[in-house]
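Read the structure below first, then the notes.
The values are calculated or read from the model by the stated rules, or taken from the named source; none is laboratory data. Nothing here was measured: the structure is a model prediction, and the numbers come from that model. Cβ: placed from backbone, ideal geometry, glycine included. Neighbour counts: every protein chain shown. Side chains included, ligands, DNA and RNA excluded: accessible areas come from the protein's heavy atoms. Shrake-Rupley method; radii C 1.70, N 1.55, O 1.52, S 1.80 Å.
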Amino acid sequence: MVQQFCKSITALAFFLMAGLAWGQPSQGPLAIKPDAPDRYVVVRGDTLWGISQRYTDSPWRWPELWSMNKEQIRNPHLIYPGYVILLDRARGQLTIGDRTAPAAPAPTVRQGEQPGSVKLGPRIRAESLGKEQIPSIPAAAIEPFLSRPLIIEPDGLDKAPTIVGTQTDRVILAAGNAAYVRGMGASKEESWYVYRRGGPLVDPDSNQTLAYEAIYLGTAQLQRGGEPATVVLTSAVQEVGAGDKLVAAGRPQPISYAPHAPATNIRGRVIAIHGGLGKVGEAGPQQIISINRGARDGIEVGHVLALYSLGGTVRDVSKPDGIIKLPDERAGLAFVFRVFNRVSYALVMTITRPISPRDVVQTP
């Protein structure tokens, strides 16, 4: 898709109010770091999160630096490589300019004109369509999760195209082998992912199965349509066989939502860590976690959630059989980048202690 012309923003001078998050409780004035740069030139590889951390210790309150409205948060096409960020310390505001913008020519006084008068004329300014907007978070860390693996509802793969036979009755398929698939119908999709239903994602509070992880097995290319259709495996990271499912390979969409706190108080749990084994495993920076809150709970892409290590219990030595519940301890921040109905994926951004399944996520 051809990227639209980005509009040069020369100033964002709005009123900056604490807690400007559509009904979110006030969090107090946004503190600008004493060593925040007065002028910063954006470079390729920057992220909205990283730039925000240069100016404040509360990167989830990025929109307050710009007084963004809700639509601007969803589409924050503000920052491109080469732009200059200027800090107004008195107002706690940021403005943007473009270092490539030509300087305005000195006014000239022509015959018959009064000194001090300026003759204005139209100017044309072009910007490259090839500019890449700065993403919210590191793209490489989440790219595979934008299309795979999927989180699926309990019956989410039941109607998906299914491998029903293999070439020369092979039991296990590898890259280059053909397979016969039922259920593609009239689909014109050429590229497909191969999946198998994985383990359940269980809510630690209700013990209810919210969804299942879909195990990514490889990729396939449609060779011939029909019923059954014929596909050829183009890659295989695990064994593929009869009964495995196909999902159309959607094109990953870049995450352009600006980091921001939820407008309501949300509290949930970490239910899985990608790469962990069930309830075993710990997450560190730049790792993916699944949480037991999704679209039905008001979670949206771009939400930043605080991470808390779940407080344990200790014996109260002052009372017979007494037990004391220890408080949850703040452990870091996570950025939600993919939302399903009942669960979501989040990237651990900052952390002071490892995160484990059953730990707490909540509005910061």
Inset, instruction - With the full set of protein chains in place, find how many percent of the accessible area of the stretch 283-332 is carbon and sulfur; take the probe as 1.4 Å. - result: 55 percent
Legend entry - HN-Hα J in Hz across the stretch 63-71 - Karplus 6.51, -1.76, 1.60, θ = phi - 60°, x for Gly and Pro: x, 5, 5, 10, 6, 5, 8, 5, 5
Inset, instruction - Quick one: which residues, 5 or more positions from Ile299 or on another chain, have an amide H under 5 Å from its amide H? H modelled 1.01 Å from N in the peptide plane, none for Pro or chain starts. - result: Gly294
Legend entry - Heavy-atom accessible area per residue - the stretch 289-336, 1.4 Å, Å²: 48 Å²
Inset, instruction - For Gly332, list long-range residues whose amide hydrogen, built 1.01 Å from N in the peptide plane, is under 5 Å from its own amide hydrogen. - result: Leu307, Thr352
Legend entry - Residue-by-residue Karplus 3J(HN,Hα) for the stretch 215-232, coefficients 6.51, -1.76, 1.60, Hz, glycine and proline x: 7, 7, 10, x, 10, 9, 10, 5, 9, 8, x, x, 9, x, 8, 10, 10, 10
Inset, instruction - Kindly write out, for the stretch 298-312 in residue order, the coupling ³J(HN,Hα) from the Karplus curve 6.51 cos²θ - 1.76 cosθ + 1.60 (θ = phi - 60°), rounded to whole Hz, with x marking Gly and Pro. - result: x, 6, 9, 4, x, 5, 10, 10, 7, 9, 10, 6, 5, x, x
Inset, instruction - Which order do the peptides 324-337, 342-355 take when ranked by the mean count of other beta-carbon atoms within 10 Å per residue, highest first? - result: 342-355, 324-337
Legend entry - Arg338 long-range amide H proximity, modeled H, under 5 Å: Tyr345
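Rank-order 265-274, 285-294 by packing density, defined as the average count of other C-beta atoms within 10 Å over each peptide's residues, highest first.
My ranking of the peptides, most packed first, is 285-294, 265-274.
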Legend entry - the stretch 311-363: radius of gyration over Cα atoms, expressed as a fraction of 2.2 N^0.38 Å: 1.58
